[in-house]
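The values are calculated or read from the model by the stated rules, or taken from the named source; none is laboratory data. What you see is a predicted model; the values in this text were computed from it and never measured. The area values use the complete protein model at the heavy-atom level, side chains included, leaving out ligands, DNA and RNA. Shrake-Rupley method; radii C 1.70, N 1.55, O 1.52, S 1.80 Å.
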Amino acid sequence: MHMWGHGSQYRRGPESLRGTQPTAMLRLPCYCCAEGCRNNIEHPRAKPLKDFRTLQTHYKRKHGTKPFMCRRCGKAFAVRGDWRTHEKNCGKLWFCICGSDFKHKRSLKDHIRAFGHGHAPHHGDLHTFEDEDPASEIEQDDETQ
């Protein structure tokens with residue numbers, strides 16, 4: 001599926017996505033097996049997850065071990081993508097010209113949209129708490145093995 005973005009010669013349709021389960025199975029709503037979870041079928045207000053892939057990610061995030069740890073703040077993550085995204089932005093602040101600061105760029109954008117006139121990103125709007133760069137992801141992977 002990644003190769004689809006590289007041209008039509010790579011697009012062979014869903015049949016080219018070979019997996020361990022049929023495509024129809026992957027698209028069925030799924031419930032979590034953990035007791036007490038809002039996505040468990042036994043929960044009084046149970047809410048199914050949209051497909052099997054979403055169930056896998058949900059289970060990792062909510063009930064699984066968290067082997068990936070931020071080297072700056074120590075926060076643990078179960079999903080590698082969540083960890084990578086967090087490490088890119090950990091310790092950064094975004095500023096508005098009104099003087100407000102935000103941990104997330106999205107929060108700054110929402111602030112500007114909500115208050116409008118007199119609010120905009122401050123030039124040089126990104127500041128970090130630490131100047132040092134964390135070790136590369138490859139070094140992190142080597143440490144965990």
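Structural remarks
- Per principal axis, descending, Cα span of region 25-80 in whole Å: 38, 24, 13
- Listed pairs K75/K109; K47/K109; K47/K88; K62/K88 exceeding 27 Å between Cα atoms: K47/K109; K47/K88
- Apolar share of the accessible surface for region 29-116: 52 percent from carbon plus sulfur atoms, 1.4 Å probe.
- With the convex hull of its Cα atoms as the shape, region 43-110 has an orientation-averaged projected area of 6.9 nm².
- With θ taken as phi - 60° and the Karplus curve 6.51 cos²θ - 1.76 cosθ + 1.60 applied, the whole-hertz 3J(HN,Hα) list for region 52-57 is 5, 4, 5, 4, 4, 5 Hz, x standing for glycine and proline.
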